[in-house]
1. Which length gain, in nm to one decimal place, applies between residue 46 and residue 204 when the Cα-Cα distance is subtracted from 0.36 nm times their residue separation?
2. Please list, by residue number, every one of the chymotrypsin sites (Phe, Trp or Tyr not before Pro) in segment 28-76 that is coil in DSSP and has at most 15 other beta-carbon atoms within 10 Å.
3. May I ask you to evaluate 6.51 cos²θ - 1.76 cosθ + 1.60, the Karplus curve with θ = phi - 60°, for each residue of segment 113-122 and list the ³J(HN,Hα) values in order in whole Hz, giving x for glycine and proline?
4. Could you tell me what a quarter of the Cα convex hull surface of segment 95-176 works out to, in nm² with one decimal place?
5. Specify whether the C-alpha gyration tensor of segment 31-211 places it in the rounded, prolate or oblate class, a ≥ b ≥ c being the square roots of the eigenvalues: rounded for a/c under 1.5, otherwise prolate if a/b is larger than b/c and oblate if not.
6. Can you check what the net charge comes to around residue 118, using other residues whose Cβ is under 10 Å from the Cβ of residue 118 (Lys, Arg +1; Asp, Glu -1)?
7. If the label point is 7 Å along Cα→Cβ of residue 228, which residues in segment 67-106 have backbone nitrogen under 20 Å from it?
8. Mind sorting 90, 66 by how few other Cβ atoms lie within 10 Å of their own Cβ, fewest first?
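Just so it is clear, none of the values below were taken in a lab; they were calculated from the coordinates. Please read all numbers here as calculations on a predicted model, not as lab measurements. Neighbour counts are summed over all protein chains in view; Cβ atoms, including those assigned to glycine, are modelled from backbone coordinates with ideal geometry.
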Amino acid sequence: MNRRQLLTRTLAASAALAAPARVFAQAGPSARDTRLLEIARQQVERVGASLWHRDVVGIADFGLHSSLPRFHFVDLVGGRVNSALVAHGSGSDPEHDGWLNGFSNLPDSWATSRGAYITWEWYVGRFGTSVRLGGLDADNSNALDRAIVMHPASYVTPEHVARWGRCGRSNGCPAFGPDVFPEALVRLSGGRLIYADALGIGDYGEDVATPWQAPIDFAAVAAANRARYAAADDPDADELARIYAAANPGLAGS
C-alpha cells in the first residue's frame, strides 16, 4: 500500500467516525393502542392471580358498532395491537341494529356479559373447535353454566358486514369469523384474559358516542327464550312469548 492509498483510507475512516450515527426511529403505539395497552395491564393486574398466562389479552369493546373491528388482540410483551370483528349476543341487541343495548349475566338471556374471562380448554361442539370461558367477575359469573365460549361463525365476516351492515348475533358468546378464529384459538387459549366492556374507543383514541338504546327487560328475554324450548302444548309458553314481545318489540323478525 502506497502513501496515497494509506492517506485516502485514513481520511475515509476518520470521516466515518466523525459522521453522526444514523438513528432509526420506531413509531410508538397510537393513542388508541396506548389506551388499550393500559386497560389490558390494569385488568391483568386486577385478576392476574387467576390467569395462567399474561402475555396477550383480548379486549372486546362492545361500545362500538358490530360492523367495526372491535375485538383487540393486545400483545403486552411486544406493545402491539391488532383488531378483528366480534359478535355480541342477540339478547343484548333485540333490534339487531349492530349496537349493544346492555349486558346481562342471566341464564337464557342470550346476552353478552361484561367483565373479565379466563380461557379454558378446547372442545369440539356445534360450531366446531371452541374454547370454554370462565367468568371472573360478578357480572359474568354464570359464563360456564351459560356455555359462553369463543367459537367461529360465518356471520362475523367482512362479507357479512358488507351485505347487512353489521355482524350477526350469537347467544351471548364472543364469536369470530372462521379466518380470525384460529388466531384467537392460538393466541388467547390456555388461561389467558379476555375483557369485555362498552369502552367505546375510536381509531384515534377518542371516546365514541353511542346512540341511545332502549333498556331491556332481561328477565322477560330469558323467560321467552325458555318458552321457545317448552312443549308445544305448554299453556304458559304463548303467554311468556307475549310478555317478552311486549317488553322488547324490536326483536320481531331479528
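1. Gain on extension, residue 46 to residue 204, equals 54.3 nm.
2. Details: sites: 52, 62, 71, 73; in loops: 52, 62.
Answer by residue number: 52.
3. 3J(HN,Hα) across segment 113-122, in whole Hz: 10, 8, x, 8, 10, 10, 7, 10, 7, 7.
4. Numbers: hull surface 21.9 nm².
Result: a mean projected hull area of 5.5 nm².
5. Numbers: a/c = 1.31, a/b = 1.08, b/c = 1.21.
Judged from the Cα gyration tensor, segment 31-211 comes out rounded (a/c under 1.5).
6. Working: positive: 132, 192; negative: none.
So the surrounding residues net to +2.
7. 87-106
8. 90, 66
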